[in-house]
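Visitor: Before anything else, here's the structure in question.
Just so it is clear, none of the values below were taken in a lab; they were calculated from the coordinates. Because the structure is a prediction, the values reported are computed rather than measured. Methodologically, a virtual Cβ is constructed for each residue, glycine included, from the backbone with ideal geometry; neighbour enumeration extends over all protein chains shown.
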Amino acid sequence: MLDIHSHILPAVDDGAKTTEESIAILEEMYRQGITDVIATPHFYPHAHNLEDFITITRKAFSLLKENTKAKKVPNIFLGCEILYYSGISKSSELKHFTLNGSCFLLLELTPGLINDDLFDELLYLKEERKIIPIIAHIERYKTAKKYKKFIKFVKDNGILTQVNATSFLIKDYSKTLDKLFAENAVTFIGTDSHSMDKRPPFMDIALEKIAQKYGNEIKEKLIENANKLYLDITGKENFNEIQ
Ligand SMILES: [Fe+2]
């Protein structure tokens, strides 16, 4: 199974601090059945320089690939988790941020960013730019004033979503996750792994909880969506319409 959200590159963001820590996370992912993982380091447009970001992430990515060649770990791909900013839909630099150079963009928000301008930009990205946004950990924005409208909007417009495996262990997210699954508004599950101690991968536990709470079909659908995304980002098949 593909994990679409992780901070496993050593020493590039608030994720893994060393190559050893990256490898420990990757080995645990593999043990949980994750065969492929996209490294999605944070890009904060207000704080980061694009050229530096590309240089640093590519270097860390190559280093990690080199150091995991002989190990039983998932295949690693390069992507990014980019924080939304006003005007992002018109940016000419988006190809640097998509998942393994595909048309899928993992987009981070904050509750305060959920407004009509965001909706317009998401539509522009999808319809005009043919870039498909995947809203990172959509459950985290539950305090947004327009959250309900946002969920309906993403669902109605084919904007994709991801929930964090860890959120299934946090009571505070329970009702929000119930609503998201009831609305059929969850496309992917991702580990958003940062470390082995504070934010480790919990894919196996989360999938088990999903099967128990929402049924095995829902769990299988999430796995199927991850498989489709894997085929797409590796250029094997084209799945612009994952639902
Ligand atoms: Fe993340």
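Visitor: Given a Förster radius of 45 Å and the C-beta distance between E66 and L231 as r, what FRET efficiency does 1/(1 + (r/R0)^6) yield to the nearest 0.05?
Guide: 0.95
Visitor: Just list whichever of K72/K198; K145/K209; K198/K228; K155/K236; K130/K221; K142/K236 have alpha carbons separated by over 32 Å in the model shown.
Guide: Cα-Cα > 32 Å for K142/K236; rest within.
Visitor: Might you report the magnitude of the Cβ-based charge dipole of the stretch 2-233 about its Cα centre, with Lys and Arg at +1 and Asp and Glu at -1, to the nearest 20 debye?
Guide: Its charge dipole is roughly 400 debye.
Visitor: For the chain, state what percent of all Cα-Cα pairs lands in each successive 10 Å bin, counting from 0 Å until the bin that includes the largest distance.
Guide: Over the chain, the share of Cα pairs per 10 Å bin runs 7, 34, 39, 18, 1 percent.
Visitor: Normalising by the residue count of the stretch 56-202, find the relative contact order in percent from Cα pairs under 8 Å and 6+ residues apart.
Guide: 17
Visitor: List R129, R140, R58 from most exposed to least, where exposure is judged by having the fewest other Cβ atoms within 10 Å.
Guide: R58, R129, R140
Visitor: Below 14 angstrom from the Cβ of I210, what's the summed charge of the other residues (Lys, Arg +1; Asp, Glu -1)?
Guide: Net charge in that neighbourhood comes out at -3.
Visitor: Within 10 Å, Cβ to Cβ, of L107, how many net charges do the neighbouring residues add up to if Lys/Arg are +1 and Asp/Glu are -1?
Guide: Local charge sum for L107: -3.
Visitor: Sticking with this structure for a sec: Of the GluC sites (Glu not before Pro) in the stretch 90-189, which ones lie in a loop per DSSP and count no more than 12 other C-beta atoms within 10 Å? Write down the numbers at each step before the final one.
Guide: Working: sites: E93, E108, E121, E127, E128, E139, E183; in loops: E93, E128, E183.
Of the GluC sites (Glu not before Pro), the ones in loops of the stretch 90-189 whose Cβ has at most 12 other Cβ atoms within 10 Å are E93, E128.
Visitor: I want the local charge near I38. Using Cβ-Cβ distances under 10 Å, sum +1 for each Lys or Arg and -1 for each Asp or Glu among the other residues.
Guide: Residues near I38 contribute -3 overall.
Visitor: Taking the Cβ of each residue in M29, M196, M1 as the centre, tally the other Cβ atoms inside 10 Å and list the residues starting with the fewest.
Guide: Placing the least packed residue first, the sequence is M196, M1, M29.
Visitor: Quick check for you: which residues of the stretch 96-120 have the amide N under 20 Å from the point 7 Å beyond the Cα of K130 toward its beta carbon?
Guide: 96-106
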